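Everything below concerns the one structure shown next.
The values are calculated or read from the model by the stated rules, or taken from the named source; none is laboratory data. The model shown is predicted, which means the values in this text are computed figures rather than measured ones. Positions of Cβ are backbone-derived with ideal geometry, glycine not excepted, and every protein chain shown enters the neighbour counts. Heads up: the accessible areas ignore ligands, DNA and RNA and are worked out on the full protein's heavy atoms, side chains in. Shrake-Rupley method; radii C 1.70, N 1.55, O 1.52, S 1.80 Å.
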Amino acid sequence: MEKFLYRWFLPFVLAFILSLFLYLFFKDKICYVGGNAMNPFFKKGQIVLVKNATDIKKNDIVLLDNPLRKSEQSQKLSLKRCVALPGDTVEIIDKKLYVNHRLQDSYFCQFDRTFFFYSQEEVEIAKSKYGIYLDKNVDMTKTVAISEPLFLKIKSDNILQHVSEEVISNDLSDKCLYPFSTFFSWNRDNYGPVVVPKKGMTIKMCLKYFVFYKYLLEKFEGVKVIYTDGSFFSNGKPIEHYTFKGDYYFVLNDYRDDVSDSRTFGLVKSELILGKYFMKFDFE
């Protein structure tokens, strides 16, 4: 009987107490990781707890509502890394992230790299030394998302010499990225510069700002601006400057070749951030 209590009943009671605790204190703030956008920090299948986001700092992982959702039915919550705060200037140049013109750490990021194997020996080295497996029944190439530190180590080891990284040229525009306009020649790997609005920040209206901030002004600031004959109007009156009412953030995935982040849906208003990362569990 005592053995039964220790082996079956006690773990059940502890699991029940833990579940009740999580439900009471983290209700509506328990997330399931369903994809690979935040690799390597989060793995698919993990359970993540978030807490109130009252003091968001750079590089915090936040839970947010999709700024571009059209209705309650299309609502989608997601975990992203906050890389730029209100008032910051953010830019991506050849995959490298700059905030306020300073290169940011990339140790937690992953990018796709393609390895070209010219011998079975290289295949075995990739597997044993770096954990890179060549799929069966394919040619001698492998595209895999790996971290920047691992990529630099592979290069410095000078063992696997045939590896490439695709960087999209900065003169190629991707109309599927925010603000969905060919006015900006931006793409996944070359994006910005973008000034992240801060409450009280004033901008001088120009065509560049009009194109980029138009959605934010209408959706979150409640201001409709019209551009006519080289001038800007709001409520039928000329407007030369605008002062933002709210704070905004710029978020990215840790797997940077997945652009389901601010490059796709734009800047995130503070009210859309529901919490920030607190703890994760892996039940697999």
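Given a 1.4 angstrom probe, what's the average accessible area per residue across segment 184-284, in square angstrom? Walk me through the numbers before you get to the answer.
On the way: 4780 Å² over 101 residues.
Accessible surface, normalised per residue, equals 47 Å².
When the alpha-carbon atoms of segment 210-278 are used, the pair Rg, Dmax equals 15.2, 51 angstrom.
Where does helix 10-26 land angle-wise versus the long Cα axis of the chain, in degrees 0 to 90, nearest 10? Once rounded, one gets 10 degrees.
Take the Cβ atoms of THR202 and ASP229, set R0 to 22 Å, and the FRET efficiency comes out at 0.40.
Over the C-alpha trace of segment 115-185, radius of gyration and Dmax come out as 16.6, 49 angstrom. Largest mean-square fluctuation among GLY192, GLY131, GLY45, in a Gaussian network model of the chain whose springs join Cα atoms under 10 Å apart, belongs to GLY131.
Against the compact-protein benchmark of 2.2 N^0.38 Å, the Cα-based radius of gyration of segment 49-167 scales to 1.41. Against the empirical 2.2 N^0.38 Å (N residues), segment 128-284 has a Cα radius of gyration ratio of 1.43. Binning all Cα-Cα separations of segment 73-137 at 10 Å, short to long from zero, yields these whole-percent fractions: 14, 29, 22, 24, 10, 1. Dipole size of the chain about its Cα centre, with +1 on Lys/Arg Cβ and -1 on Asp/Glu Cβ: approximately 920 debye, rounded to the nearest 20. For helix 120-130, what angle does its Cα long axis make with the longest principal axis of the chain, in degrees from 0 to 90 and rounded to 10? In the chain, helix 120-130 runs at an angle near 80 degrees to the longest axis.
Label separation (ILE159 vs GLU240): 6.6 nm, computed from points 7 Å beyond Cα along the C-beta direction. Its residue count N sets the reference 2.2 N^0.38 Å, and the alpha-carbon radius of gyration of the chain equals 1.23 times that reference.
For segment 76-184, averaging the sequence separation of C-alpha pairs within contact (under 8 Å, six or more residues apart) and dividing by the residue count gives a relative contact order of 25 percent. For the chain, a Gaussian network of Cα nodes joined below 10 Å ranks ASP135, ASP60, ASP174 by mean-square fluctuation, and the top entry is ASP135. With both labels modelled 7 Å from their Cα along Cα-to-Cβ, the LYS127 to THR141 distance reads 2.2 nm. Between ASP94 and GLU271, the FRET efficiency from the beta-carbon distance, with R0 = 22 Å, is close to 0.05.
Once the Cβ-Cβ distance between ILE30 and ASP55 is put in as r, and R0 is 22 Å, what FRET efficiency do you end up with, to the nearest 0.05? Don't skip to the end; give the middle numbers.
Numbers: r = 21 Å, r/R0 = 0.97.
Given R0 = 22 Å and the Cβ-Cβ separation, E is 0.55.
Can you pick out the pairs among LYS51/LYS96; LYS204/LYS269; LYS51/LYS280; LYS43/LYS153; LYS129/LYS153 whose Cα atoms lie more than 19 Å from each other? From the list (LYS51/LYS96; LYS204/LYS269; LYS51/LYS280; LYS43/LYS153; LYS129/LYS153), the Cα-Cα distance tops 19 Å for LYS51/LYS96; LYS204/LYS269; LYS43/LYS153.
When the helices of the chain are scored as -39500 (n - 2.57) per DSSP H run of n ≥ 4 and the total is divided over every residue, the value at 222 nm lands at -6000 deg cm²/dmol. Projecting the Cα atoms of PRO179, LEU207, TYR191 onto the charge dipole of segment 166-263, computed from C-beta unit charges around the Cα centre, puts LEU207 farthest toward the positive end.
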